[in-house]
Amino acid sequence: MTAPGTPAFGALQGLRVLDLTQMLAGPYATMLLADQGADVIKVEPPGGDATRRHGPFLPGARPFDEGGFGAYFGSVNRNKRSIVVDLKSEAGKAQLIAMVRQADVLVENYRAGVMEGLGLSYETLAAHNPRLVYAALRGFGDPRSGETPYTHWPAYDPVAQAMGGIMGVTGPEVGGAPTKIGPGVGDLLPAMYLAYAVAAACWSVQRTGQGQFVDVAMADAVLALCERIVYQYSAAGVDSRPDGNGHPLLCPFGIFPASDGYVSLGVPNDRFWEPLARIMGRADLAADPRCASNEARVRHRAFVEAEVGAWTRRHTQAELVRLLGGRIPFGPVLYAQDIFHDPHFQARGMLVPTEQPGAERPLTIAGTPIHMGRTPGGVHRRAPLVDEHAGEILREFGLQPAPTSPQPSP
Ligand SMILES: CC(C)(COP(=O)(O)OP(=O)(O)OC[C@H]1O[C@@H](n2cnc3c(N)ncnc32)[C@H](O)[C@@H]1OP(=O)(O)O)[C@@H](O)C(=O)NCCC(=O)NCCSC(=O)C(=O)O
């Protein structure tokens with residue numbers, strides 16, 4: 001049956017998700033569900049999710065202490081509705097349990113033990129709804145699926161990036177200190193795994209009628225991304241170290257200078273090496289024993305990268321686009337300003353204007369990279385104000401406002 005608050009679009013239409021998440025990791029996971037049509041109800045603490053205060057704020061935008069939100073919150077909480085429920089009050093706990101009885105999924109990213117401390121453990125909630133898929137995202141996982149020395153450590157993105165192995169392979173090759181990846185992959189990756197796991201668990205509910213506890217650790221998700229360091233160490237005893245802008249097994253494969261910026265190219269096989277050498281005006285390199293195969297190029301990496309780099313830096317990015325685009329795996333290194341003007345991202349719907357309440361102009365946020373032919377997802381609703389949908393949500397669940405819960409905003 002389709003839940004009343006569910007938008008009429010998306011493959012997950014009809015899936016009701018109670019979203020008790022905060023910061024980036026949990027909200028990104030529920031955003032992935034909401035983008036495909038799930039009815040994601042953000043259950044916020046009194047005062048709202050603290051990340052509402054993170055900017056930037058467009059001129060005139062409603063401030064966070066009046067229930068508004070900055071761009072950080074606006075990006076990852078689109079397509080969701082909001083209700084404030086004080087889970088530290090008896091009335092609030094009862095309200096959540098009543099909502100759980102009618103929901104399909106609950107997602108939270110508190111520290112291990114927080115929900116138990118509130119008397120709202122998975123076991124308690126599953127007793128009220130055995131079909132519930134309960135998804136937890138923590139720094140080092142939940143004790144239910146394996147206690148570790150770090151189970152109770154709080155964690156943010158850099159912690160997961162450091163311990164999951166990705167910082168150890170990122171940074172300058174020579175004398176390189178470990179380097180953090182720009183976007184919060186320590187949050188975003190576990191969020192993606194969690195959303196995938198929720199979808200899988202929901203399919204299992206369809207077949208068995210039973211929900212389950214789903215647990216993704218940030219550190220594990222990052223290691224899963226770094227699968228190469230695992231097999232390299234296992235097979236050859238090779239410890240990880242910063243890869244620089246290249247690849248330990250492929251060459252040329254990385255970033256090269258243009259006269260006015262940088263470009264990237266990936267030429268691991270002869271099918272692309274031969275045309276690259278020809279376009280460079282260096283047909284001799286296609287036959288040179290130092291370059292004849294990927295293995296030879298990896299062995300003579302310094303020579304190959306110097307030859308390719310000496311040629312690329314004589315051209316502008318635009319010239320290189322003309323010479324190499326579509327002929328070999330190639331692309332210019334783009335910054336945000338370039339991306340806003342690039343026809344590809346416009347055509348693919350990746351730059352989506354949304355309302356930031358009170359603001360004089362729309363806030364552009366990143367769209368969904370998922371395109372589905374029959375059940376398209378996308379951004380259909382701006383992020384919610386604090387408690388914005390309390391009235392309609394309570395009505396849909398057949399509930400009265402809890403005495404401690406603020407009245408719905410006008
Ligand atoms: C993010 C955290 C470090 C934040 O730590 P804390 O600020 O100490 O929060 P905790 O989760 O431990 O506890 C939350 C507290 O809020 C209370 N709480 C929560 N919701 C409610 C509501 N609705 N009503 C009343 N009280 C509430 C809850 O009972 C806890 O109270 P008390 O028990 O009384 O304190 C931690 O939650 C954590 O490690 N989470 C798992 C990993 C994770 O998701 N990290 C963030 C990734 S995002 C990221 O890195 C990034 O954005 O960058």
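The values are calculated or read from the model by the stated rules, or taken from the named source; none is laboratory data. Because the structure is a prediction, the values reported are computed rather than measured. Here Cβ is always computed from backbone atoms with ideal geometry, including for glycine, and neighbour counts include all displayed protein chains. For accessibility, only protein heavy atoms count, side chains too; no ligands or nucleic acids. Shrake-Rupley method; radii C 1.70, N 1.55, O 1.52, S 1.80 Å.
Numbers below:
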{"item": "Inter-part distance where the stretch 168-192 and the stretch 131-163 are each reduced to a Cα centre, Å", "result": "19"}
{"item": "Mean shadow area of the stretch 127-263 over all directions, Cα convex hull, nm²", "result": "12.0"}
{"item": "DSSP H segments from the chain that extend 24 Å or more along their own axis, Cα-based, with Kyte-Doolittle mean of -0.5 or above", "result": "185-208"}
{"item": "Accessible surface of the chain [probe 1.4 Å, protein heavy atoms]: carbon and sulfur percent", "result": "57"}
{"item": "Radius 13 Å from Cβ of Glu123, net charge of other residues (Lys, Arg +1; Asp, Glu -1)", "result": "-1"}
{"item": "Overall Cα dimensions of the stretch 1-147, principal axis frame, Å, largest first", "result": "48, 33, 31"}
{"item": "Accessible area per residue, Å², the stretch 90-165 with all protein chains present, probe 1.4 Å", "result": "42"}
{"item": "For the stretch 26-57 and the stretch 251-271, distance of Cα centres in Å", "result": "39"}
{"item": "Only Lys, Arg (+1) and Asp, Glu (-1) charged, at Cβ; the chain dipole about Cα centre in debye", "result": "660"}
{"item": "Estimated Rh, the stretch 89-167: Kirkwood, alpha-carbon pairs, angstrom", "result": "13.9"}
{"item": "Euclidean distance of C-alpha centroids, the stretch 195-240 and the stretch 75-122, integer Å", "result": "25"}
{"item": "Qualifying lysines (Cα of each under 17 Å from Cα of Lys93; at least 8 residues distant if same chain)", "result": "Lys42"}
{"item": "The chain: translational diffusion in µm²/s, Stokes-Einstein, Kirkwood Rh over Cα pairs, 25 °C, 0.890 mPa s", "result": "103"}
{"item": "Cut-off 15 Å between beta-carbons: net charge of the residues surrounding Leu87, Lys and Arg +1, Asp and Glu -1", "result": "-4"}
{"item": "Normalised alpha carbon radius of gyration of the stretch 253-334 [divisor 2.2 N^0.38 Å]", "result": "0.99"}
{"item": "Per residue accessible area of the stretch 253-334, 1.4 Å probe, in Å²", "result": "51"}
